[in-house]
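Heads up: the structure comes next, in structure tokens.
The values are calculated or read from the model by the stated rules, or taken from the named source; none is laboratory data. Nothing here was measured: the structure is a model prediction, and the numbers come from that model. Backbone-built Cβ (ideal geometry, glycine too); neighbour counts: all protein chains shown. When the accessible area is computed, the model is the full protein with side chains, heavy atoms only, and any ligands, DNA or RNA have been set aside. Shrake-Rupley method; radii C 1.70, N 1.55, O 1.52, S 1.80 Å.
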Amino acid sequence: MGTTRQATRDRIVSLAPSITSILLELGAGRELVGVSKWCKDVADVGRRPQVGDCWKMDIEEVMRLKPTMLIGSVPFAPDTVAKLLAQPVTFVAINPRSLADIQRDIRILGRMVNRAANAEKLIRNMEQVFRAVAKAAHAKSAGKRPRVYCEAWPKPRISSPPWVAELVAIAGGKMVVTPGQRVTDEEVAAAKPDIIVLAWAATGNKAKPASASRNPAWQNVPAVRNGRVFVVRDELLNTPGPPLMKGAAELLHIMQAAGAKGSK
């Protein structure tokens, strides 16, 4: 069965940056024949055709690539899902919430492209990076864990996904609102974060710190009062895959910078 699968190599179109970053890390570049328009922000996709994303795409354009498999990540636009399901092609969607879910998805994708060993290697590499970040955080923490609010979108206000809360903990902090949920200005203010991190989806590093620092409801929030509002490139926190390694390191840098600023 393995020989047959290898002889008839899959043609995969990735509809999400996380899928693309994982597949390329696994060494499945030959199978990857198309990517979403956002994938170039997280991985070297070369000249592969870009076919929209999970919200909007030209199905005919996708099918011209003769895919045997379409792989995306929740959330999807409902009408896009309906169009995909109508096609004579395997459609797979992942929906990770935690770092454990991300590991599971890496293993699943590894088996799908006959690179299970590479999947385990990637997981070990990510775990090693996270351990190194946690060790560095512990060495600098002096027993203090700053209270952190990470934001994925400002209107409506949405906190960063649950795996970001885990990264915050690894980097030495504590997420003080429920992750991956709509939150109000009042809820954030009541949580009194020491640090605010803005990583707005699909904006790169263009989140606006002034939206936090000038918010009338947040003038007594420690992060605003002490000038500890930071921007992180969204793909480093919002891509559930290899980019999170850089995201964890960036959060550690923020925690340490905020700590140094507070000690002056």
Flag for Ala258 being outside any loop (DSSP other than H, G, I, E, B), open to solvent by less than 30 Å² (accessible area, probe 1.4 Å) and either of a type in the set (D, E, K, R) or at pLDDT below 95 (or both): yes
Selection count, segment 191-209, where residues are open to solvent by 20 Å² or more (accessible area, probe 1.4 Å) and either more than 26 Å from Val42 (Cα to Cα) or acidic (Asp, Glu) (or both): 2
Residues being under 18 Å from Lys246 (Cβ atoms) and open to solvent by 20 Å² or more (accessible area, probe 1.4 Å) - total across segment 166-180: 3
Identity of the residue in segment 102-111, open to solvent by 20 Å² or more (accessible area, probe 1.4 Å) and either at pLDDT below 95 or among the charged types (D, E, K, R) (or both), that ends up nearest to Trp163 (Cα to Cα): Arg104
Residues of segment 86-101 satisfying the condition of being open to solvent by less than 40 Å² (accessible area, probe 1.4 Å), under 18 Å from Thr178 (Cβ atoms) and either of a type outside the set (S, T, N, Q) or not in a loop (DSSP other than H, G, I, E, B) (or both): Pro96, Leu99, Asp101
Long-range neighbours under 9 Å by Cβ, at least six apart or interchain, first residue farther than 19 Å from Trp38 by Cβ and surrounded by fewer than 17 Cβ atoms within 10 Å (Cβ to Cβ) within segment 55-75, second of a type in the set (D, E, K, R) and at pLDDT below 90: Thr68/Arg9
Yes/no for Ala223 being surrounded by 19 or more Cβ atoms within 10 Å (Cβ to Cβ) and in a helix (DSSP H, G or I): yes
Residue list for segment 1-27, restricted to those being modelled with pLDDT under 95 and in contact with a Gly (Cβ under 6 Å, 6 or more places away or on another chain): Leu15, Ala16
Any chance Val188 is in contact with an Asp or Glu (Cβ under 9 Å, 6 or more places away or on another chain), in contact (Cβ under 8 Å) with a residue 24 or more places away in the chain and open to solvent by less than 20 Å² (accessible area, probe 1.4 Å): yes
Filter result (in a loop (DSSP other than H, G, I, E, B), without any contact (Cβ under 8 Å) to a residue 60 or more places away in the chain and more than 24 Å from Val232 (Cα to Cα)) within segment 20-51: Gly29, Arg30, Gly46, Arg47, Arg48, Pro49, Val51
Number of positions in segment 228-255 that are modelled with pLDDT of 95 or more and either more than 11 Å from the chain's Cα centre (by Cα) or of a type in the set (A, V, I, L, M, F, W, C) (or both): 16
Segment 167-192, residues that are farther than 22 Å from Lys140 by Cα, in contact with a helix residue (DSSP H, G or I) (Cβ under 7 Å, 6 or more places away or on another chain) and of a type in the set (Gly, Ala, Ser): Gly180, Ala189
Check on Leu236, buried (at least 23 other Cβ atoms within 10 Å of the Cβ), under 17 Å from Ala152 (Cα atoms) and out of contact with any Phe, Trp or Tyr (no Cβ under 7 Å at 6 or more places or on another chain): no
Within segment 150-165, considering residues that are farther than 15 Å from Ala202 by Cα and aliphatic (A, V, I, L, M), the one most open to solvent (accessible area, probe 1.4 Å): Ala165
Segment 136-149, residues that are open to solvent by 80 Å² or more (accessible area, probe 1.4 Å) and modelled with pLDDT under 95: His138, Ala139, Lys140, Ala142, Lys144, Arg145
